[in-house]
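Structure, as structure tokens:
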Amino acid sequence: MDALIIEGGRRLSGHIAIEGAKNSALPACVAALLTDEPIILRRVPQLRDVSTILYTLGALGKRVVRNEGGVVISGDGPLSGEANPYSVRKMRASFLVLGPLVARLGRARVPLPGGCVIGARPVDLHLRGLEALGAHIEEHDGVVDVSADRLRGARIELGFPSVGATEHLMMTATLADGATEIANASVEPEVLDLVDLLRSMGAEIEVDERTIRVAGSRVGAAEHTLIPDRLEAGTMLLAAAIARGEATVDDVDPEHLRPLVDALRSAGVDVREERDSVTVSAGGPLRAAAIETAPHPGFPTDLHPPFAALLTLAEGTSRVTETVFESRFTYAVPLRAMGAQMSVEGRTVTIRGVDRLRACAVEAPDIRAGAALVVAALAAEGTTTLTGLEQIDRGYERLTEKLQLLGATIERHSI
């Protein structure tokens, strides 16, 4: 078993280049199912979740060639309509293959998904949307069977602006007969990145506030560079802030980080923005803050846990309200073990700032809670041993090396 050994109290400084967005890479890879022609993706992060989706595509019959800078996905014979149960139950994004397979083959069989345990995250929005497009759905023993003689465009109104459902239905609609309108759609930067890829493939897509219109069309070969990972960038900025340092994330879009930048400033952190970089400087005291997660352009739910870690050392009482995933608070127990004063009631965590955190042995329960524990350990007194790295590895490439470049005392060891 691997563990991170983190000695807290080191001031961080320097520059870090940010990888391509994991949450863009996963649906972009799935989009390759829409055509046999090659899809070339650049700036693809080397992450466990990306490996899982590429394995899923390979098992479905796609040819996958991966190199350090990206991936090429092309046709390699007939597609299978049955997804690998292991990969789908391991990672929720693998469920996105369902609609594109039905659009290509007229049928598909996919297990219900797995992934981080941070709430119910039902797939009913996905399935209702597919039904609206003309699919017939049967569910039994944890498996979904979907068939359609021909998918037809329709108006679909999402009950919640779900990222996954928006991406899933948008991809599927590119091969449906006629036009599809998705109302109350997600407009996260990663969703709009997928729009750009699909347009490069030949799809006709319009985005008007929270409405996405897709005209069914033939799609084919394309090349696309993924947007930078705003969640990795945000985590690195929070790490520097809690370590009372000054650090810059390069090769990012500051507008993607706007909700975090505003929250950091409210917590007393100085933030400077350039055309493609953001710098934090945190020499002064941290102040209590109140944030509420929401679909973009609101505060991103995936940055809630590491931001909560920062607030454990802020003067006064802070509150973080979670509106997206009801079980996002898996970080609370291990942070309390490190000396944080926090209580969870319903969808809100109340955090009373303390003077210091103390190192101890903790385990990452999911990707973003793991990031919160790394952030906290960088400021804790003593040496923290953090296990559960298989979770952190799903979302952060070369995290140890990047923090070392900023001056952190952090090593990865087998224990």
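The values are calculated or read from the model by the stated rules, or taken from the named source; none is laboratory data. Just so it is clear, the model here is predicted, and its values are computed rather than measured. A quick note on method: Cβ atoms are made from the backbone with ideal geometry, for glycine too, and the neighbour counts reach across all protein chains shown.
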Item to complete: For region 336-354, enumerate the residues that are in contact (Cβ under 8 Å) with a residue 12 or more places away in the chain and either among the aromatic types (Phe, Trp, Tyr) or not in a strand (DSSP E or B) (or both).
Response: Ala337, Met338, Gly339, Ala340, Arg347, Gly353, Val354
Worksheet item: Do we find that Gly268 is modelled with pLDDT under 95 and outside any helix (DSSP H, G or I) in this structure?
Response: no
Discussion item. Where the second residue is at pLDDT 95 or above and among the basic types (Lys, Arg) and the first is in a helix (DSSP H, G or I) and lies in region 383-408, which pairs have Cβ atoms under 7 Å and are six or more apart or on separate chains?
Written reply: Thr400/Arg412
Response to the item:
All conditions in (1) closer than 27 Å to Leu303 by Cα; (2) among the hydrophobic types (A, V, I, L, M, F, W, C); (3) at pLDDT 95 or above; (4) surrounded by 17 or more Cβ atoms within 10 Å (Cβ to Cβ) are true of Ala148 except (1)
Worksheet item: Regarding Leu127, is this residue under 23 Å from the mean Cα position of the chain (by Cα), more than 21 Å from Ala28 (Cα to Cα) and either free of Cβ contacts under 8 Å to residues at least 40 places away in the same chain or buried (at least 18 other Cβ atoms within 10 Å of the Cβ) (or both)?
Response: no
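Yes or no, residue by residue, for (1) assigned to a loop (DSSP other than H, G, I, E, B); (2) over 19 Å from Gly81 (Cα atoms); (3) of a type in the set (Gly, Ala, Ser):
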{"position": "Asp149", "(1), (2), (3)": "yes, no, no"}
{"position": "Ile156", "(1), (2), (3)": "no, yes, no"}
{"position": "Gly159", "(1), (2), (3)": "yes, yes, yes"}
{"position": "Glu223", "(1), (2), (3)": "no, yes, no"}
Fill in: Residue that is over 30 Å from His15 (Cβ atoms), of a type in the set (Asp, Glu) and either more than 22 Å from the chain's Cα centre (by Cα) or outside any strand (DSSP E or B) (or both), where the choices are Glu206, Glu232
Glu206
Discussion item. Exactly one condition in (1) within 23 Å of Leu47 (Cα to Cα); (2) modelled with pLDDT of 95 or more; (3) under 23 Å from the mean Cα position of the chain (by Cα); (4) small (Gly, Ala, Ser) is false for Ala332; which is it?
Written reply: (1)
Discussion item. Only one of Ala282, Ala294, Ala290 is among the small types (Gly, Ala, Ser), under 30 Å from Glu401 (Cα atoms) and in the same structural domain as Thr321 (by TED's automatic domain parsing). Can you tell me which?
Written reply: Ala282
Discussion item. Out of Val269, Val280, Val333, Val261, I need the residue that is without any contact (Cβ under 8 Å) to a residue 24 or more places away in the chain, closer than 25 Å to Arg11 by Cα and among the hydrophobic types (A, V, I, L, M, F, W, C). Which one?
Written reply: Val261
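Given the structure, is Ala369 buried (at least 17 other Cβ atoms within 10 Å of the Cβ) and in contact (Cβ under 8 Å) with a residue 60 or more places away in the chain?
Yes, satisfied.
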Worksheet item: Looking at Ser186, Ser162, Ser200, Ser217, which one is more than 19 Å from Leu133 (Cβ to Cβ) and of a type in the set (S, T, N, Q)?
Response: Ser200
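Let's see how each residue does on (1) at pLDDT 95 or above; (2) more than 23 Å from Glu397 (Cβ to Cβ); (3) touching a His at 6+ places or on another chain (Cβ under 9 Å); (4) of a type in the set (Ser, Thr, Tyr):
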site: Met1; (1), (2), (3), (4): no, no, no, no
site: Leu4; (1), (2), (3), (4): yes, no, yes, no
site: Ile16; (1), (2), (3), (4): yes, no, no, no
site: Cys29; (1), (2), (3), (4): yes, no, no, no
Practice prompt. Say whether the condition of being under 30 Å from Gly20 (Cβ atoms), at pLDDT below 95 and either surrounded by fewer than 18 Cβ atoms within 10 Å (Cβ to Cβ) or in the same structural domain as Thr248 (by TED's automatic domain parsing) (or both) is met by at least one residue in region 307-324.
Written response: yes
Response to the item:
Within region 161-195, the count of residues that are part of a loop (DSSP other than H, G, I, E, B) and more than 22 Å from Ala233 (Cβ to Cβ) comes to 8
Item to complete: Give the residues of region 125-139 that are farther than 16 Å from Pro113 by Cβ, not aliphatic (A, V, I, L, M) and not in a helix (DSSP H, G or I), sorted by residue number.
Response: Gly134, His136, Glu138
Worksheet item: Would a scan of region 257-268 turn up a residue that is assigned by TED's automatic domain parsing to the domain that holds Arg356, touching a helix residue (DSSP H, G or I) at 6+ places or on another chain (Cβ under 6 Å) and surrounded by 24 or more Cβ atoms within 10 Å (Cβ to Cβ)?
Response: yes
Worksheet, complete the sentence: Scanning region 210-221 residue by residue, the ones that are among the charged types (D, E, K, R) and either at pLDDT 95 or above or in a strand (DSSP E or B) (or both) total 2
Fill in: Leading residue by the ranking (nearest to Gln46 (Cα to Cα)) among those in region 354-396 that are basic (Lys, Arg) and over 23 Å from the mean Cα position of the chain (by Cα)
Arg358
Discussion item. I'm told Glu255 meets every condition in (1) within 24 Å of Pro297 (Cβ to Cβ); (2) without any contact (Cβ under 8 Å) to a residue 60 or more places away in the chain; (3) touching a Gly at 6+ places or on another chain (Cβ under 8 Å) except one. Can you identify the failing condition by its number?
Written reply: (3)
